[in-house]
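Accompanying notes for the structure given below.
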């Protein structure tokens, strides 16, 4: 993990959203777009949480999509494009 972070979920190659509210927002964001699938994390507990959340989700409003996009711009990306 970058920056000396401790890896908390051994089966995940990234640090997943463990907070249920953040995970719900992330899943709602994904499923509010024309995608064919949303793959939950490899951790069994997070996988179950994602399935439980997906069963009750409603699409995001335009304002909610904009708020999540803004939050994303304020974080460090996992990958950076090569120049």
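What follows draws every value from the coordinates through simple rules; no lab data is involved. As the structure is a computational prediction, the values presented were derived from the model and not from experiment. Positions of Cβ are backbone-derived with ideal geometry, glycine not excepted, and every protein chain shown enters the neighbour counts.
Peptides 26-34, 73-81 ranked from most to least packed give 26-34, 73-81, packing being the mean of other C-beta atoms within 10 angstrom over each peptide's residues. With each label modelled as a point 7 angstrom along the Cα→C-beta vector, the residue 51-residue 38 pair spans 1.6 nm.
Residues 58, 64, arranged from fewest to most other Cβ atoms within 10 angstrom of their Cβ, appear as 58, 64. As a length-normalised measure over Cα pairs under 8 Å and 6 or more apart, the relative contact order of the range 21-72 settles at 46 percent. Quick one: grab the alpha carbon gyration tensor of the range 21-72, order the square roots of its eigenvalues as a ≥ b ≥ c, and give me rounded if a/c is under 1.5, else prolate or oblate depending on whether a/b is larger than b/c. Prolate, since a/c reaches 1.5 and a/b exceeds b/c.
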